[in-house]
Amino acid sequence: MQSRVKNAGRYWRARGVLVSSVFAACLLAAAHAGAAGVDDSAASDASQSAGFSTVLEAWLGFPGLAQSSTPYTYLRATRTADNVEAKRQDLIRELDDLRWRLDGRGYETFVQAVDQWKSTLAASGVSREPGDWSPAWLMTHPHRNPPISHVAAIGACDVPNWVEVWSGQGVIRTPWHTGMTLSQLTKNDVIDLDGISIVSVVSPTGEVQRLGQAAFNYSDSELLPGARVVLPLPLGGEAFAWIRDTTAQLLAHAPAGENCKEMRFADMGASQ
C-alpha cells in the first residue's frame, strides 16, 4: 500500500528521507502507546480522547497507525462540518433548479448526470479539514499541531485504487495506475474536454487546482489514487463554472479513501 502511494506522485517522493525517518519514529512511538487505552474496537469511542492534549499525541494512540498512508489521514472539526453542510445544501438546490430546466428538453444524459452528482454529494457524510494532518507532517511542523480541544476527530482510510471524474456523464471512477496524468484520461476517452477550458483537480489531501485545458492556458497534472477531477457541465451559462468550483471545494473536504476509521473526541470540535 505504501509503495503504491510512493510511486504515485513526485511531490510525495520529494519529501524524502526526513519524513520517512520521522514517520518511522512516530510508528515506533505508536507501538508503545498502549497506555493511551485505545484499540481497534474503540476507534470511534469519544471517551478515548482522555489524556491527549494535541493531535500528534492522539495519532500515537490511533489503532492501525502503522498501516496508514500519509495522503489518506485526516482531521475533522465540527464548525467546519457545519459550514460545509450549508454549502452542500446550496449546491444541491442549484442542481435541483438545473435539473428542472433540463428535464423534458432533450437533455436526458445531463439530467441523469445531475441526479448522480446530487446523490453522490448527499452521501458524503464526513467533512474533513483539507491539508496534511499526518503524524509525520505534524512532527516536522510542531507549530501547526492543533490542541485536541479544537478537533472533533482524526481518521485514516485505506488507499483507494481509483480516480473519480465528475462530468456531464455523471460520476465515474476509473482504475488508477502509477504515473497516471490528467492528459491520459483524455486520451483514454475517460473525459471529454470538447469546449472546456478549465477543470478542477482535487488531490487526496484536499488541495484544489484549476487547470487550463485550452491551447492558451494548457496544464497537465499527475494524479494520485483518490484524486477527483471535476469538469463543468458542457452547457452555456456562468452557473456551470460555479457548480464546478463549488463541487471541487466540497470534495476537498471529503476524505479520499476506502474503509475510513476514526478516533472521535468528546465535547470537542471547535473551528481551528
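The values are calculated or read from the model by the stated rules, or taken from the named source; none is laboratory data. Bear in mind that the values here come from a model prediction, so they are computed numbers and not experimental data. Here Cβ is always computed from backbone atoms with ideal geometry, including for glycine, and neighbour counts include all displayed protein chains.
Annotations for the structure displayed:
- LEU91 vs. criteria under 13 Å from SER134 (Cα atoms), modelled with pLDDT of 50 or more and aliphatic (A, V, I, L, M): no
- Residue check for ARG99: free of Cβ contacts under 8 Å to residues at least 24 places away in the same chain and surrounded by 15 or more Cβ atoms within 10 Å (Cβ to Cβ): yes
- Checked against the criterion of being among the small types (Gly, Ala, Ser), modelled with pLDDT of 50 or more and closer than 20 Å to PRO142 by Cβ, the candidates SER49, SER20, SER53, SER69 yield just one match: SER53.
- Only one of the numbered conditions (1) closer than 24 Å to LEU91 by Cβ; (2) crowded, with 21+ Cβ neighbours inside 10 Å is not met by MET263, and that is (1).
- Residue that is closer than 22 Å to CYS260 by Cβ and either in contact with a Ser or Thr (Cβ under 7 Å, 6 or more places away or on another chain) or not assigned by TED's automatic domain parsing to the domain that holds PRO234 (or both), where the choices are HIS150, HIS143: HIS150
- Enumerated strands (runs of 3 or more DSSP E) restricted to the stretch 93-179, each holding at least 1 residues that are out of contact with any Gly (no Cβ under 8 Å at 6 or more places or on another chain) and farther than 24 Å from THR205 by Cβ: 170-175
- Residue in the stretch 180-233 that is farthest from ALA252 (Cα to Cα), counting only those that are touching a residue at least 60 places away in the same chain (Cβ under 8 Å) and of a type in the set (Asp, Glu): GLU222
- In the set (1) modelled with pLDDT under 95; (2) of a type outside the set (A, V, I, L, M); (3) under 18 Å from the mean Cα position of the chain (by Cα), the condition left unmet by GLY236 is number (3).
- The single residue among ALA215, ALA256 that is aliphatic (A, V, I, L, M), surrounded by fewer than 23 Cβ atoms within 10 Å (Cβ to Cβ) and either modelled with pLDDT under 95 or over 18 Å from the mean Cα position of the chain (by Cα) (or both) turns out to be ALA215.
- Of all residues in the stretch 71-92, those satisfying the criterion of being under 29 Å from LEU56 (Cα atoms), assigned to a helix (DSSP H, G or I) and in contact (Cβ under 8 Å) with a residue 60 or more places away in the chain are PRO71, TYR72, THR78, ARG79, THR80, ALA81, VAL84.
- Of all residues making up the stretch 106-156, the number that are closer than 30 Å to LEU65 by Cβ, surrounded by fewer than 14 Cβ atoms within 10 Å (Cβ to Cβ) and of a type in the set (A, V, I, L, M, F, W, C): 1
- Residue within the stretch 157-179 that is exposed (fewer than 15 other Cβ atoms within 10 Å of the Cβ) and in contact with a Leu (Cβ under 7 Å, 6 or more places away or on another chain) present: no
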